[in-house]
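Written out below as structure tokens is the structure these notes cover.
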Amino acid sequence: MSYLPYVVAVWLLVVGLYGVVTSRNLVHLTQCLAVAQSSSYLLLLAIGFRTGGIAPVFSGVSTGRKAVDPIVQALTLTDVVVSVTISGLLLAISVQVFKRHHSLDPAAGREMQG
Amino acid sequence: MHALVPLPVIVPLAAAVVIAGFGKFVHSRLVDLGAILVALADAVITVMLLLASLGHSLTYWYGGWQPVHGLTIGIAFVVQPFGAALAVLASLGTLATLIFSYRYFEEVGALFHMLVLVFLGAMCGFAMTGDLFNLFVFFELMSVTAFALTAYRSDEAAPLQGAVNFTVVNTVAAILILFGMGLLYGRTDALNMAAIGRQLAHVGADPLLVMAFALITCGYLVKAAVVPFHFWLADAYAAAPAPAAVLFAAVMSDLGLYAVAEIYWTIFDGPFGQHANLIRGVLLTLGMLTAMLGAVMSVLQRKLKRLLAFATISHIGLFLLGIGLLDNVGLAGAIVYLCADGLVKGGLFLGAGVLAYRLGSGDEFDLRGRGSGLPVLGTTMALGGLALATLPPFGTFVGKGLIEDAAAEAGAWWLPWTLLFAEVLTGGAVLRATGRIFLGLGAAADPELSEPQDDEDEDDEPENPPGRSATLMTFPVVLLVVGGLLVGFIPHVADRAADAAVRFVARPTLLDHTAAQSPHLSTAAYLFGAGACAGALAFAFLSLTRIRRVSAARDRGAEWLRLPVSVLHGLHSGHVGDYVTWLVVGVTSVGAACLLGMTHVVP
């Protein structure tokens, strides 16, 4: 098992967060957040990966076979659902922001400050 | 009794589904009443669970998947008094919210009720689950509903900005939590918190565990809005409709701290036991910064809801100080304080909602003297301000007194003074606003308070929806504030909280379950409580007085403070990129402090 997936996961997180911090466009920001979130899928799947393991479906296969961890896969699925929900919500908010300010800059029409 | 355990989650979720599906087709009064009944049922069930859990904790395995030979696969709910008390708080808050918003959102039908009920189910689940991933799922469910509730008035600017900041910052926090959880799962192959705690009980602190601790703790501290993770809260709570802000301020923030406490004592107390001093130092530092910054910022606001949002941040810092002492009595104090304070703050947020609805503004200066027709509301809000300043012998005072006694035990002499500072300022700010609005005291403008903003979208509440009387709206305000005060008179509340705290701390082992010694409040605690109230009243007097010599001295003082005040205003920029930067800085600092402090000792 190499360290590569972990390195990539951390890289995705850092790149995604950099994008969120510097973004000047809400749609772009939503995508950056999705990139950062995808790092957690990779991390979870890497943790459950077993070299030479089969998919954890045991019909027609002896239960003794080595398989990758199904629990982290369930976690990843949940995580994907969460991510899609958040993206959907943020995009819906972006539409409203655009309707109001004719701009997608998160700094546009800043109401609250101080 | 065990059969009741899943109900506080299932009942509101099922009701939410029904309302989402059929709410459009029935009369909206029916939806209002149905939702109120569900919240009432949840309140009854959670109170029963709380009473049952006072004797011994209740464990419920979903689908009967109990652990076999020490291997835990199933998902468990573990009901112990601290969590159950928070579930009760959530149910009562929801009940007040729904009564308040009776006939509130005419135009959009039942969506608000659906979101509030999902939120209730998620909060109850969060407070009772014993599974690390389940905790995360309820966290997300709670967050997503809260994002949607914040953006509820999506045709206005402030709610949109608040919702974007809230969503992005909390989602980044969720990613951090997931990272930390992944590391823990990779290490222990378990997700049940007690099982993880048992496996790690006898290992030392290694870098992987320290990173997992820093990531998960900081993630939940974002939800609790501890400095420097707090920026999103003021924007979100000030922009959310008042009935939703009640739930956020009274329960959601507290749940973040609950998760921090639960994860520390269930999982990390074993491996990090010998570094308790370092963790205590980190948590107390964060708590102190939060308490003081929140208090100062709340004084600087003219918008009532934003003032209360910063008061919420400040008081979260106070609870973190109680928890961060890592001691039974401190935790007991935090439990009592958090429940009483949650109710009072909820009442104050609703009070701000009544004002916005009746008088069309949430601004202290716009409202000056215009509240004189609402004496009951004014009295209640003044009482709420005194409760924030821990008026003895009521609920908030009992909790604070316990924290102070624990601090004296631990030799943290500065802690009671920090509490005093935060309480004087937050209580004083509420009293100042109350005096100005209901009695017409004070000047009509103050340049030091945050800028008045574009007035066109100020009134975030609907304009005169039909058929609501002020009495029906004021009722839940009184209910919450008086309820918060009465927490102090629950028979043996201090003893019970102490017992709950001992069991919370000793949960993974359950062997060295020692009986809590009966705590009693010292004379010093009474002095500090009375001092805080006197200080808050003095602060309100000083801000409102028009006696020339006093007010001239006050204005000279304000001159000196102009620069630091403008720096503070500038820090809260309202820009989400800045907030995420602060979050990254905070997580990195906490992680670095823990890594440096804990791992060099390990051979």
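Here, each number is a calculation from the coordinates, and none is a lab measurement. Remember, predicted model here, so these are calculated numbers, not experimental data. Using ideal geometry, Cβ is built from the backbone for each residue, glycine included, and neighbour counts are taken over all protein chains shown.
Which of the lysines could be linked to B:Lys303 by a straight reach, that is with a Cα gap under 29 Å, when you skip same-chain ones fewer than 8 residues away?
Partners found: A:Lys99, B:Lys223, B:Lys345, B:Lys400.
Count charges around B:Asp254 for me, please; just the other residues with Cβ under 11 Å from its Cβ, Lys/Arg as +1, Asp/Glu as -1.
Charge balance near B:Asp254 sits at +1.
Each label point is 7 Å from the Cα along the Cα-to-Cβ direction; what then is the distance between the points at B:Tyr62 and B:Asp578, in nm?
4.1
Can you find, among B:Ala332, B:Leu367, B:Leu289, the residue sitting farthest towards the positive end of the charge dipole of segment B:263-421, where Lys and Arg contribute +1 and Asp and Glu -1 at Cβ?
Comparing the listed Cα positions along the dipole, B:Leu367 ranks first.
Farthest toward the dipole's positive end in segment B:261-331, which of B:Gln274, B:Leu300, B:Ser314, given Cβ charges of +1 (Lys, Arg) and -1 (Asp, Glu) about the Cα centre?
B:Leu300
Of the listed peptides B:3-9, B:221-227, what is their order by residue-averaged count of other C-beta atoms within 10 Å, with the highest listed first?
B:221-227, B:3-9
Residue by residue through B:544-552, how many Cβ atoms from other chains fall within 10 Å of the Cβ on average?
Per-residue shielding by partner chains comes out at 0.
Extending each Cα 7 Å along its Cβ direction at B:Ala553 and A:Val80, get the distance between those two points in nm, one decimal.
Those two pseudo-labels are separated by 6.8 nm.
How high is the FRET efficiency between B:Lys24 and B:His492 when r is their beta carbon distance and R₀ equals 45 Å, given to the nearest 0.05?
Working: r = 49 Å, r/R0 = 1.08.
Calculated value: 0.40.
With the radius of gyration and the Kirkwood radius both derived from the Cα set of the protein assembly as shown, what is their ratio Rg to Rh?
Taking Rg over the Kirkwood Rh, I get 0.95.
Pairing the Cα long axis of helix A:26-48 with the longest principal axis of chain A, what angle in degrees results, from 0 to 90 and rounded to the nearest 10?
The angle comes out at about 20 degrees.
What order do you get for B:Leu485, B:Leu561 when you list them from fewest to most C-beta neighbours inside 10 Å?
Neighbour counts put them in this order, fewest first: B:Leu561, B:Leu485.
Taking the simple approach of a point 7 Å from Cα along Cα-to-Cβ for both A:Asn25 and B:Ala410, what is their distance in nm?
In this crude label model, A:Asn25 to B:Ala410 measures out at 4.9 nm.
To the nearest 20 debye, what is the magnitude of the charge dipole of the protein assembly as shown about its Cα centre, counting +1 on the Cβ of each Lys and Arg and -1 on the Cβ of each Asp and Glu?
That gives the protein assembly as shown a dipole magnitude of about 200 debye.
Within 10 Å of each Cβ in A:31-43, how many Cβ atoms from other chains are there, averaged over the peptide?
Mean shielding count: 3.
Provide A:Asp105, B:Asp32 in ascending order of the number of other Cβ atoms located within 10 Å of each residue's Cβ, fewest first.
Fewest-to-most Cβ neighbours within 10 Å comes out as A:Asp105, B:Asp32.
Return the whole-Å distance between the Cα centroid of segment B:206-275 and the Cα centroid of segment B:516-591.
A separation of 22 Å, based on Cα centres.
Averaged over peptide A:84-92, how many Cβ atoms belonging to another chain are found within 10 Å of each residue's Cβ?
4
Based on DSSP H runs of at least 4 residues, each adding -39500 (n - 2.57), what is the mean residue ellipticity at 222 nm of chain B after dividing by all its residues, to the nearest 500 deg cm²/dmol?
Helix contribution divided over all residues of chain B: -24000 deg cm²/dmol.
Determine the sum of side-chain charges near B:Ala525: Lys and Arg each +1, Asp and Glu each -1, restricted to other residues whose C-beta is under 10 angstrom from that of B:Ala525.
That works out to -1.
Full extension from A:Ser2 to A:Ala92: what is 0.36 nm times the residue separation minus their Cα-Cα distance, to one decimal in nm?
Full extension from A:Ser2 to A:Ala92 adds 28.4 nm.
Express in whole angstrom the spacing between the alpha-carbon centres of segment B:70-145 and segment B:1-38.
13
GNM on chain A, C-alpha springs below 10 Å: top fluctuator among A:Gly52, A:Gly88, A:Gly19?
A:Gly52
In what order do A:Asp79, B:Asp269, B:Asp499, B:Asp155 fall by count of nearby beta-carbon atoms within 10 Å, going from fewest to most?
B:Asp155, B:Asp499, B:Asp269, A:Asp79
Assign one of three labels to segment B:119-176, namely rounded, prolate or oblate, based on the Cα gyration tensor with a ≥ b ≥ c the square roots of its eigenvalues; rounded applies when a/c is under 1.5, prolate when it is not and a/b is larger than b/c, and oblate otherwise.
oblate
Based on the alpha-carbon gyration tensor of segment B:244-315 and its eigenvalue square roots a ≥ b ≥ c, which shape applies: rounded if a/c is under 1.5, prolate if not and a/b is larger than b/c, or oblate?
Numbers: a/c = 7.19, a/b = 1.87, b/c = 3.85.
Oblate, because a/c is 1.5 or more while a/b does not exceed b/c.
Show the residues, 5+ positions off or on another chain, whose built amide H is closer than 5 Å to the amide H of B:Asn192.
B:Leu132
Give me the dipole magnitude in Debye, nearest 20, for chain B about the Cα centre, with unit charges on the beta carbon: positive for Lys and Arg, negative for Asp and Glu.
It works out to roughly 820 debye.
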